[in-house]
Amino acid sequence: MLRIEPRTFRGTRDFLPSELIPRRRIVRVIEEAYRRYGFQPLETPAIEYLDVLTGKSEENDKLIYEIRRARGDAEETAESAIALRYDLTVPLARVAAQYATLPRPFKRYQIQPVWRADRPQPRQGRYREFVQCDADILGTESPLADAEILALTHEVLTALDFEDFRIRLSSRKFLAGLAHVVTGDVRHFGAFCRCLDKLDKIGWDGVESEFQANDIPATAARSLVTQLMATGGESPDFSATRKLVGSNAAALNGLAEIETVYTAALDLGVSRRSLAFDATLARGLDYYTGAIFETVLPGLPHLGSLTGGGRYDGLVATFSKENVPATGTSIGLDRIQTALTQLERFKAEPSETQVLIARFDDAGVAKSLELAATLRRAGVRVEIWYDNDRMKKQFAFADQQQIPFVAVCGPDERERGIVSVKNLATQQQVTVPEADLAAHLHAALATMGK
RNA sequence: GUGGCUGUAGCUCAGUUGGUUAGAGCAUUGGAUUGUGGUUCCAAGGGUCGGGGGUUCAAAUCCCCUCAGCCACCCCA
């Protein structure tokens, strides 16, 4: 018999309990923040029709996983070709176009995996299957919506105890205006953005040669952007920025929006040090039309962005006659987990069980089951021991699994109607009346913060 | 997609100029210890040396191919 080698597909991972337990806690923090901001949940299928997913961003079409059946019976037509979703934004736009009954504004959050066929790199928090936590607001052009997305991002990262993070803010309109100012030609917009985006990686000399390679006046561009950077950052001087871009309408327009978003974000509680206006932020996804933002950790520069998003007022219209303005962000669960791991703040937790009821002897089985039932009804997370093993083995198990308490009910205890409860961390063992066991554990767990 | 590095036990690794039956630590299981974990001691199990081909009397070791993993870039969450 041929044995199949057990393995996982490149860029995908199993989440064993000791990793999943703290990972789910992160998800809970994010979800609670989303709910506090008034977002409603949405889930969509992992599989979408290919034509729904493609054509939004040329670069990314190449990274879409198409699905091919191992034993396809019919030839796939363009309409029936299917693929794994690449992000959650495009499915959302599809949903917005497909259901006329959705409220406006429509605020939804969605926490689900997406798949991209690029090369995995764990140190950078990059995988082929990863979970995005998206929050988006459809149906308003108001900059307050963009500001609320920034505040939400700030709130989540703060709740996760990130001490130093930077939300970079810019605008597609502003960048388009800049590109026009520098090159006199809007067609250079894409190349202009890509070059600029590389600044923090390859420095100005590198960017200048990139500009030249793309027929963009390098010296002029460098001079303008250098000055822009001086007026931006964590305490931006927007009136100084305005003077630099002159009379270009798109640039002025975009800048005004940035300023409004920035100010409203501060009003919503975003700290100055965590928010920066950054003219070198470009972002790749082609569907962004207005404000764009992403979050990085200055302490972990090799890591990709923790969050990324922006305004995409034209996307829903690719599925509908109706044009629905939209803005939102994606928080990368795996990036967050990677960051916390590298900051040594992500601790493995093998079990959530609070008490193990040991099996002392056969005669005590019924009593143990009764105790377990009572405790479970009282909301305690309980495990029982199934086999007739020695105490040593049962305690060793509880220790390994970091189960805080072991309850033993042997002949002595049974005779007196009590239970011995040992706290494995303090090594202290007490006896409590059977009837008080739940109350005792609740109190003890509460003082331990569990 | 481009470039580089690395593959030996579940994990981290050692293995001499190619030389007998491939080792260690950790982990696992059992015992020392039949009412109680972490320490200690003893023992055991666990290996297609990533896979295939080649050179050789002889390959974990040298050569070729291939697969996988990692790192940087690209891009992004």
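Observations on the model:
- Considering the range A:355-447, its Cα convex hull presents a mean projected area of 5.4 nm².
- Only protein heavy atoms count here; on that basis, with a 1.4 Å probe, A:HIS180 has an accessible area of about 80 Å².
- Modelled spin-label separation between A:SER235 and A:PHE319, with each label point placed 7 Å from Cα along the Cα-to-Cβ direction: 4.5 nm.
- Evaluated at q = 0.07, 0.11, 0.14 Å⁻¹, a Debye calculation over the C-alpha positions of chain A (equal weights, vacuum) places log10 I(q)/I(0) at -0.49, -0.94, -1.26.
- The angle between the Cα long axis of helix A:89-98 and the main principal axis of chain A comes to about 80°, on a 0 to 90 degree scale.
- Nearest-10 value in Å² for the accessible area of A:GLU257, using the 1.4 Å probe: 50 Å²
- Placed amide H near A:GLN112: partners under 5 Å, 5+ positions off or other chain: A:GLN132, A:ASP134
- Note, ³J(HN,Hα) from phi for the range A:52-62, Karplus 6.51, -1.76, 1.60, rounded to Hz, x at Gly and Pro: 5, 7, 7, x, 8, 7, 3, 4, 7, 4, 5
- Calculated log₁₀ intensity ratio I(q)/I(0) where the Debye formula runs over C-alpha points of the range A:89-172, q = 0.12, 0.18, 0.23 Å⁻¹: -0.51, -1.06, -1.27
- 23 Å Cα-Cα threshold exceeded, pairs from A:LYS62/A:LYS198; A:LYS392/A:LYS422; A:LYS392/A:LYS450; A:LYS107/A:LYS450: A:LYS392/A:LYS450; A:LYS107/A:LYS450
- Take the Cβ atoms of A:ARG24 and A:GLN212, set R0 to 60 Å, and the FRET efficiency comes out at 0.75.
- Spatially proximal aspartates and glutamates relative to A:LYS347 (Cα-Cα < 12 Å; intrachain offsets below 8 disregarded): A:GLU19
- A full extension of the chain between A:GLN98 and A:GLU59 corresponds to an added length of 11.4 nm, given 0.36 nm per residue minus the alpha carbon distance.
- Length gained when the stretch A:LEU445-A:ASN423 is fully extended (0.36 nm per residue, less Cα-Cα span): 6.9 nm
- Relative to the longest principal axis of the Cα atoms of chain A, helix A:391-400 runs at roughly 10 degrees.
- Chymotrypsin sites (Phe, Trp or Tyr not before Pro) restricted to DSSP loop in the range A:356-447 with at most 12 other C-beta within 10 Å: A:TYR386
- Gain upon complete extension [A:HIS302, A:ARG345; 0.36 nm per residue less C-alpha separation]: 13.7 nm
- Principal-axis tilt of helix A:249-267 within chain A, Cα atoms, nearest 10 degrees: 30 degrees
- Each of A:VAL182, A:ALA317, A:PHE293 was placed along the dipole of chain A (beta-carbon charges, centred on the mean Cα), and the one lying farthest toward the positive end is A:PHE293.
- By a 1.4 Å probe calculation restricted to protein chains, A:VAL181 has an accessible surface near 60 Å², given to the nearest 10.
- Heavy-atom SASA rank of A:GLU208, A:GLU415, A:GLU352 (probe 1.4 Å, accessible area, largest first): A:GLU415, A:GLU352, A:GLU208
The values are calculated or read from the model by the stated rules, or taken from the named source; none is laboratory data. Since we're looking at a predicted model, the values are computed, not measured. Cβ sites come from the backbone with ideal geometry, for glycine too, and all protein chains shown count toward neighbours. Protein only, heavy atoms only, side chains kept; ligands, DNA and RNA dropped before computing areas. Shrake-Rupley method; radii C 1.70, N 1.55, O 1.52, S 1.80 Å.
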